[in-house]
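Contents: one structure, followed by commentary.
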Amino acid sequence: MQNNQGRRQFVKAASAAIATAQFPILGANDRINLGQVGLGGRGTDHIKYYTSIDTECRFAALCDVNQAARERATALINKAKNYAPKNYTDMRQMFEDKDVDAVSITTPNHWHALAAIWACQAGKDVYVEKPASHNVFESQQMVAAARKYKRMVQVGSQSRSMPHKMKAIRLIQEGQIGQLYHARALCYRRRFSIGVSPDEPAPPGLDWSLFLGPAQWKPYSKNKFAYNWHWFWDTGNGDIGNQGVHEMDIALWGLGRTGWPESVSSQGGKFVWKDDQETPNTQNTTIHFGDAELTFDVRNLPTPPEGLVPLTGPNYVGNIFFGSLGFLAVEDRGFRLYKSTAGNISGDAARGAGAGSREKYELALEEKSAGGDTVPHMQNFFEAVRKRDHTILNAEIAIGARSAAYCHLANIAYRVGRTLRMAPSTGRFLGDDEANAMLTRDYREPYVVPRNV
């Protein structure tokens, strides 16, 4: 009897040890030890958000390829919280740190997938900024890694944690505007030319090779670094994959689409500007599902209102959903739902030139934003980490990876210059080797996203 009891206690203790090694056992009041990877503009934002909820988390480590960025971030935390986290140049070393429970990734886009996969393999939970991936293949591999290593992976699509946007999508899915046939995503984000910067030696303290990582080698220039990496294909995805991925995510959310479309087309160009930028400043995309469509407009040049004042004004960013009974516009400041008040028109009247004259649209419901998006999104991540339940994540990796993948489909269609038909069952283009080759990239050793995660 005593031997059996002893064996049971041993098994229980061993099981607890294994569980602790695989999944940190955290109570409701335990702070999560964070490692921050990427300490530029968005990384600095993350530090401010996380330090504002320090009952939830504590910075254990900071990582960036740029010494100056590490020093600034360390000073920021030291001033705010009176302690200095450990510093790393190479994220792989930080992922080996047993004091780190979870990582927050705010690197350039081309690093998101590999950083997240390495973190999952090291047993860390992950908050990764949008877009989740740099290409479609990476989206698939990120989901595979999260599932294999049972990691919580939240993508920084914080609209999913904004109450007014959650309500707007619920109303659409409940049929408040009837049968949904069209989602229009708008990214009219005013930007300016980046000019021309020459190649030159990387500044002291910057590991340029590590910055490039998965991207092929190119000499350093100021325009390829800092924020402007967004506008080069090797490191960014243009504005459809920068600001636009938020609107793409909302459009897919409202449409309820979780698979692949039937066709994708995208046209546009880089107009007016004469500079180093490779990505378009004007891009018009159409994605067909057969029974509905999604259109996406990107414009970085001056743009007038779309007509739903006050929700839309110049340089508007948001979404408009069209249904058989009305339409709904939603953006960061709130949403408005309009319903048709058309009478029953039949016979000759319905066929006449004035058939639509009796139709009016009335504001049926309006709700303003309660404010705040990123902090609630981070708190949702911490809740999932503690409960070990990825299903409670508002922007779980399968969601964020799909939204990023749709942006990549649009960019592929734009770059090859033709309409692409897809096999919805596989997510590959039909009869187009050039387009299929662009579903992934040519990785630079040893920074290779693995086929077997």
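The values are calculated or read from the model by the stated rules, or taken from the named source; none is laboratory data. It should be emphasised that the depicted structure is a prediction, and the values quoted were computed from it without experimental measurement. All Cβ positions, even for glycine, are placed from backbone atoms using ideal geometry, and neighbour counts span all protein chains on display.
Summary of values
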quantity: Candidate set from segment 400-452 (those that are farther than 26 Å from GLY269 by Cα and among the polar types (S, T, N, Q)); member that is modelled with the highest pLDDT; calculated: ASN452
quantity: Matching residues in segment 416-453 - criterion: being in a loop (DSSP other than H, G, I, E, B) and either hydrophobic (A, V, I, L, M, F, W, C) or at positive phi (or both); calculated: GLY417, GLY427, LEU430, GLY431, MET438, LEU439, VAL448, VAL449, VAL453
quantity: Residues of segment 248-283 satisfying the condition of being without any contact (Cβ under 8 Å) to a residue 24 or more places away in the chain and under 20 Å from the mean Cα position of the chain (by Cα); calculated: none
quantity: Of all residues making up segment 411-449, the number that are within 14 Å of SER133 (Cβ to Cβ) and of a type in the set (Gly, Ala, Ser); calculated: 1
quantity: Some residue of segment 304-311 being surrounded by 19 or more Cβ atoms within 10 Å (Cβ to Cβ), modelled with pLDDT under 95 and more than 23 Å from the chain's Cα centre (by Cα); calculated: yes
quantity: SER133 being buried (at least 16 other Cβ atoms within 10 Å of the Cβ), hydroxyl-bearing (Ser, Thr, Tyr) and outside any strand (DSSP E or B); calculated: yes
quantity: Candidate set from segment 325-376 (those that are at pLDDT 85 or above and of a type in the set (Val, Ile, Thr)); member that is nearest to LEU311 (Cα to Cα); calculated: VAL330
quantity: Search result, residues across segment 355-371 that are without any contact (Cβ under 8 Å) to a residue 40 or more places away in the chain and under 23 Å from the mean Cα position of the chain (by Cα); calculated: GLY371
quantity: Considering residues of segment 402-445 that are among the small types (Gly, Ala, Ser), within 25 Å of TRP217 (Cα to Cα) and without any contact (Cβ under 8 Å) to a residue 60 or more places away in the chain only, the residue surrounded by the fewest Cβ atoms within 10 Å (Cβ to Cβ); calculated: ALA437
quantity: Test for TYR227: is it in contact (Cβ under 8 Å) with a residue 24 or more places away in the chain and surrounded by fewer than 23 Cβ atoms within 10 Å (Cβ to Cβ); calculated: yes
quantity: Residue among TRP233, TRP217 that is in contact with a Lys or Arg (Cβ under 7 Å, 6 or more places away or on another chain) and either surrounded by fewer than 19 Cβ atoms within 10 Å (Cβ to Cβ) or on the phi > 0 side of the Ramachandran plot (or both); calculated: TRP217
quantity: Single residue of segment 67-85 satisfying the filter (basic (Lys, Arg) and in contact with an Asp or Glu (Cβ under 8 Å, 6 or more places away or on another chain)) that is surrounded by the most Cβ atoms within 10 Å (Cβ to Cβ); calculated: ARG70
quantity: Number of the exception - GLU331 against (1) over 30 Å from ARG428 (Cβ atoms); (2) in contact (Cβ under 8 Å) with a residue 40 or more places away in the chain; (3) not aliphatic (A, V, I, L, M); calculated: (2)
quantity: Test: residue in segment 160-176 that is outside any helix (DSSP H, G or I), touching a strand residue (DSSP E or B) at 6+ places or on another chain (Cβ under 9 Å) and crowded, with 17+ Cβ neighbours inside 10 Å; calculated: yes
quantity: ALA122, sole failed condition from (1) small (Gly, Ala, Ser); (2) within 22 Å of ASN237 (Cα to Cα); (3) surrounded by fewer than 23 Cβ atoms within 10 Å (Cβ to Cβ); calculated: (2)
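Residue by residue, here is whether (1) more than 22 Å from LEU210 (Cβ to Cβ); (2) surrounded by fewer than 20 Cβ atoms within 10 Å (Cβ to Cβ) holds:
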{"position": "ILE53", "(1), (2)": "yes, yes"}
{"position": "VAL65", "(1), (2)": "no, no"}
{"position": "THR89", "(1), (2)": "no, yes"}
{"position": "GLU96", "(1), (2)": "no, yes"}
{"position": "SER104", "(1), (2)": "no, no"}
